[in-house]
Structure formats: C-alpha cells, structure tokens
1. Going through the cross-link list Lys80/Lys188; Lys89/Lys439; Lys89/Lys188; Lys1/Lys284; Lys284/Lys429; Lys310/Lys429, which pairs have a Cα-Cα distance over 32 Å in this structure?
2. Could you pull the Rg and Dmax for the chain, using just the Cα atoms, both in Å?
3. For the chain, what is the percent of antiparallel DSSP beta bridges, rounded to the nearest 5?
4. If r is the Cβ-Cβ distance from His64 to Glu234 and R0 is 35 Å, what FRET efficiency results, to the nearest 0.05?
5. Which residue, chosen from Phe60, Leu231, Gly48, occupies the Cα position most advanced towards the positive end of the dipole of the chain, where the dipole is computed from +1 (Lys, Arg) and -1 (Asp, Glu) charges on Cβ about the Cα centre?
6. Residues with amide H under 5 Å of Leu197's amide H, sequence separation 5 or more or different chain, H placed in the peptide plane at 1.01 Å from N; which?
7. Could you check which residue among Gly379, Gly211, Gly345 shows the biggest mean-square fluctuation in a GNM of the chain with a 10 Å Cα cutoff?
8. So what J values fall out for the stretch 297-306 if you push phi through Karplus, 6.51 cos²θ - 1.76 cosθ + 1.60 with θ = phi - 60°, rounded to Hz, Gly and Pro as x?
Amino acid sequence: KLVHGGLRYLEYYEFRLVREALKERETLLRAAPHIIWPLRFVLPYHKGLRPRWMLRAGLFLYDHLGGRDILPPAEGFSLKTDPRGAPLKPMFETAFEYSDCWVEDSRLVVLNAVDARERGATILTQTRVRSVRRADNAFVVEIAAADGAAREVRARALVNAAGPWVDHVLRQVVRQNAAPRFQLRLVKGSHIIVDRLYEGDHAYIFQNADGRIIFSIPYERRFTLIGTTELPYEGDPAAVAADRAEISYLCAAAGEYFAMPVTPAMVRRTYSGVRPLHDDASSKDASAVTRDYVFDMDGSPPLLSVYGGKITTYRRLAEHALEKLGEAIGARGGAWTAQAHLPGGDIANADFDLFFAELAREFSWFEQAALRRLARAYGTRARKLLGDARSMADMGEDFGAGLTDREVDYLKREEFAMTADDILWRRTKLELHLPEAAKERLAARLSA
C-alpha cells in the first residue's frame, strides 16, 4: 500500500535499494497523482528502543539519499502540544515526522495493464499457462481461458514474473530440469482493518519491542489500517490468511501506543499476502531479508525469471528486464517510462486538489464525496466515465456509495472487470462500504 524508500532498510545498509526507491517515489507520484499521494508519517520516540540520534540520522539520510523535489523534509515536534499527540498515550512526548506516499496498489496494477493495451499489448485475464516448450528458436505457449478453450501462442522471449509461484512455473510449466540459480523465501504479511482510531490524514509508524515496525494508516475515510506482520510461509500463496496470533500481535503493537485499547474484537477485516523475497542467505530474520530483485536468465530463446522486488521499484525492474531482453525481442529506443503518465495521471503539475476543484465545478450535480472517489480512482479519465451525464438519473442504477451502472459498464469495458470481486475489491474498495443486499444486486447485474 506504500510507495516508499523503506526507512527501516537503512538499518540493513541497503543504501542502493533505498536510493533507487526514493527516486522512484517521486517519479511514480508524477506519473499517477490520482492513485499515489503524499502521506506524512509520525514516528513517536519510544524510550528504550532506537535512540533519538539514530532516528535523526536515519531521517537525514532518508531526506538526502534520493533527493526531494515534491515532498517536504522530516522534522521533529512535541506530541504534548501538537494535536497528533492526542490519540497517543501520555508517555510519548516527542516525535519525528517524514514523508512517503500511499498507493492504491490494485489500481496501479490495472492501470499498467490498461496502458500496455493502449500501446498495442494483448492482455489476457483469467487465462492459465498450461505448458511452455522451446521450438524453432521460439517459445510455444499453451494457454487456456476460464471456459477451458485452449490455444497456442509463440513468443521470442518469456518473462516469469509469477511472484511466489516463480519456482512453480519453472518446475511445473516450463519443466526446467536445472535447479534455479536463486532461492526464494516466502514471507507472509497480514493487516487488520478497524474503525477509524484518530482524526487527521497522517499515518503513524510505531517501533515494536521485537525490533519490527508497525504502520497505522487512515484507510477508506472510515477505517484505520494496521500492519504488517512478517512470518515465514510454506503453504499455498493463494490460500494465505491472517491467523489469530497475527491479529493479536498487531492489536498489541498498536495498543502499546494508542491511548484507546486496540483489541481483536474491533477488527472489521483482515487481509494477507505473500512476499516473494530473494533469499541471499544473509539473515534468518524475515524482516532483514533484502527487498531488492535479481534476474535469472535461461537459454535461448531467453526465459527471464524475476526474484524479489517491491512495488515501489516495479518500473525500474521492468526497465532493467527490457535491457536484458531488448536484443531478443527487437526493442528499439531507450527507456521512456520515467516521463510517462499512467492512464488518468495527466493532471497538471500533479496537483490533484486543483484538478478535483475543476471537476467538481464541471459536475456540480454529483455528490461531492462520491465524485472525489471517482477522481481518485480514475483521474482525468473520470470525465470519460461520466461522459454526457447531466444528473444522477443519467448514471443508471445506484448500488450505493456512489457506484452506478455507468461506472460498472466503464470498468467492464475499460478495465477488464468481470466479477463483483473485480469491482468491489480489485478496482475499488467499495466492499467495505456497501451492504450485502447491494453486493448481491451487483453480482446479479454482472451475471445477467
């Protein structure tokens, strides 16, 4: 959920990774200011944990390692006199504040796919790769759609970016006999969602006694997101889920700082994911495993497998992959994406507030909070979604929380949405705001 340099990675001397991520932070902020925006993090000083000098030194490096053009610098302040101290226990008297960015991560993925399609790529969702073989200096790939219909396609190169399934693809799909050059370590991360714990648009970053850090972030206006855990994982990545021990751990970590008790009974939702980290055998501690990435290139035609990485550096990872594959696929010209906008991100001077003010004047009949959600989700393409509508009646059926027939049709037509979960979780987060009856109406609408 964050586009960030990774403040804690400085403790592990990951200076190159942090520098690259800090540079990418502002590149991505310019590329998609509708789904990526600045977020200030409050870091309370906790006696007995990291000393003040270490926090100051780390934040100084964080401010200067990658340069800053948009985001404000770090600063210290008193929690006793600042309203940001109000939700915290009285024992916390001073804090530091620094900048990173929030990202609507599922929308970031979708918009990259939309952009690729508009530049000539064919995007196949809900499609399984059954087998891969080399023939006549090319790959022959058997794919099957959700309805079981199969066909073959040919490719001059393949990229295995399957995340936690990267080794599975090599063993079971490509049928590669040689052992992978790199090792993968799967690390489970879980978050909890509770009702909003405090006012304000800032986040908190809490030091935990075990050396880890926990974030507390405003989420979907009505909630607070708390995470994450980091645990070794050996199960099916598709079946990952938060367990009771993780929920208790996150509640206890947040409860160490907030004046209001945070208990498992307060948890509205949980979600979990699996981080596919490159295991360089440098540490047994999951928190210390590098977030950097490496490539494994195999044979001719080339098969490039990606190990590790983080969402902040995805664009640079893709550039580096193309550098490796450029000759094989006939790529021409140099890198260009650092100056490109993602769909809807062509907002003048990356000034979202000014853009929204103009949109609100243009569509003054639309409820403002719902219109702001559209502006955040679709950026300048909100105008394409709204089209010639001049009243709510023109938007079609209202499912609640501002979701209408017109938006559903847009998501099906423009963003590959097929199911209710696609719309309510993967294109929006409206599942958190709609009653069950509305979700059932939407599902019926999509299956009709």
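Laboratory data are not the source of any read-out in this text; all were calculated from the coordinates shown. Quantities reported herein were computed from a predicted structural model and do not represent experimental measurements. Please note: Cβ atoms are built from the backbone with ideal geometry, for glycine as well, and neighbour counts cover all protein chains shown.
1. Lys80/Lys188; Lys89/Lys439; Lys284/Lys429
2. For the chain, the Cα radius of gyration and maximum Cα-Cα distance read 23.0, 72 Å.
3. Within the chain, antiparallel bridges account for around 95 percent of the total.
4. Approximately 0.30, to the nearest 0.05.
5. Most positive-ward Cα: Leu231.
6. Under 5 Å from the amide H of Leu197 lie the amide H atoms of Thr224, each far enough along the sequence or on another chain.
7. Gly211
8. Residue by residue, the stretch 297-306 yields 9, 10, x, 9, x, x, 10, 10, 9, 9 Hz.
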